[in-house]
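Before any comments, here is the structure.
The values are calculated or read from the model by the stated rules, or taken from the named source; none is laboratory data. None of these values were measured; they are calculated from a predicted model. Quick reminder, even Gly has a Cβ in these numbers, built from the backbone with ideal geometry, and neighbours come from all protein chains shown. In case anyone asks, the SASA skips ligands and DNA or RNA and just uses the protein heavy atoms, side chains included. Shrake-Rupley method; radii C 1.70, N 1.55, O 1.52, S 1.80 Å.
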Amino acid sequence: MNQVRIGVVGAGWMAKAHSTAFRNVPMLFGNEPAVPVLETIADIDPARAKAAAETLGFNRWTEDWRQLVADPAVDVVDIVTPNDAHAEIAIAAAKAGKHIYCEKPLALTAGEALRMTEAAEAAGVTTLVGFNYLKNPAQALAKEMIEAGELGDITQFRGTFDQDFMTDPTVPFSWRHDRSVAGSGALGDMASHTISLALELVGEMAEVCGLLATFVKQRSVATGGSGHTAKASADAAMRAVENDDLTQFLCRFNSGALGTIASSRIGTGRKLWVGYEIQGTKGALYFTQERMNELQFYRQGEPARERGYKTILTGPEHRWYAGFHPIAGIGLGYNDQKIIEARDLLVAVATGQKATPDFRFGYRVDRIVDAVLKSVDEHRWVTVDEIG
Ligand SMILES: NC(=O)c1ccc[n+]([C@@H]2O[C@H](COP(=O)([O-])OP(=O)(O)OC[C@H]3O[C@@H](n4cnc5c(N)ncnc54)[C@H](O)[C@@H]3O)[C@@H](O)[C@H]2O)c1
């Protein structure tokens, strides 16, 4: 049996999601072409690395990611650290000939993402970026329908990513508010996923014009936890928030379609409103991750008196679904998307094929993020080609 040995860097929330995903792949999809082995996990906080190794079932742990990258018993370096560490670890992993699974956003800047992409392509290693919302049978169906021309010519993409986890001003300052660690806020952290959906379903963007805003100007400094688990005491010092709570931008696709993307981490009332409406000359699609097992489809060609959106519940006819359930409507969850992602990576590594979305796709997303930032800084439309 072919084994693919995984080394995870970062032992927080996404380490749990990725490790759970790898463990589940053989149970859902079988042992071929490879089974994953949770070999080792690294975290700068040794207590966190040790605890994660025990809970998640890794053979070993370390506090030094360089040791993990150099380890001959590691085939895939899986990067789930905050964003500022992605580039250094990925470039070192590529140079060591390791395959790389990296969380989104790929890097802090498009330039950094390009260096990662070029290092991985030069080394000939497989790469995959964690744009897990693409790994939904509903998105596979949407793509098939668009490619088959069922929507006609696409005229409009309206995308969202709202969550209200930071509406409460007492949520502490974490790495997600620190520009040098996270990069942008709602734009890079959240809207990058919506951009991934736009690129996958509608195609390349030509130009953008954006807005950013920060409404909660300062937050209390955390004394424990990391990211979404950060905790602060009642008398904690305050620190200025360095990136955006909210972004909105207009875009024009190469095809001529127009788009808007809006994302907020203080999106009151919305828990995971990642989605879109895509309108075309013959039909339209509507999707929200809050109802991730449903795709709404409108067909212009139906008799006028019967025309209306219909709900398609995902089932075994749609890509990936049959690995989970033999009948439609049972439904998948967030972690199932990570299982599909881990499965796609294992197949690619074991068979020497390309995984998608790869680092070059992550670079394309980061170019759009940088184009929006430049547009905000310079108060003008920016073409994506202006970003190197
Ligand atoms: N795809 C998604 O849906 C999704 C969801 C959440 C987070 N993410 C991404 O995953 C990544 C991690 O996010 P998270 O929420 O798991 O973070 P987290 O704060 O829960 O965990 C990060 C861990 O990395 C460790 N760490 C920091 N720097 C390190 C370094 N140089 N070497 C080793 N360990 C280091 C921290 O100690 C912490 O344990 C980020 O890039 C984030 O954008 C993606």
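Among DSSP beta bridges whose residues both lie in the chain, state the antiparallel percentage, nearest 5.
60
Share of the chain's accessible area from carbon and sulfur, percent, 1.4 Å?
52
Compute the separation of the alpha-carbon centres of the stretch 312-330 and the stretch 157-173 and state it in Å as a whole number.
Measuring centre to centre over Cα atoms gives 31 Å.
Quick one: if the Förster radius is 45 Å, what FRET efficiency do residue 54 and residue 277 give, using the C-beta to C-beta distance and rounding to 0.05?
Efficiency computed from Cβ-Cβ geometry: 0.50.
Translational diffusion coefficient of the stretch 326-388 at 10 °C, 1.306 mPa s, Stokes-Einstein with Kirkwood Rh over Cα pairs, in µm²/s as a whole number.
Diffusion coefficient, whole number: 107 µm²/s.
Based only on Cα atoms, what mean projected area does the convex hull of the chain have, in nm²?
Computing the convex hull of the Cα atoms and averaging its projections yields 19.5 nm².
For the chain, what is the accessible area per residue in Å², given a 1.4 Å probe and the full set of protein chains?
Heavy-atom accessible area per residue stands at 42 Å².
Need the list of aspartates and glutamates near residue 135 for cross-linking: C-alpha distance under 16 angstrom, and skip anything on the same chain fewer than eight residues off.
103, 144, 200, 290, 294, 317, 336, 341, 344, 358
Within straight cross-link reach of residue 50, meaning Cα distance under 22 Å, which lysines are found once same-chain residues fewer than 8 apart are removed?
16, 231
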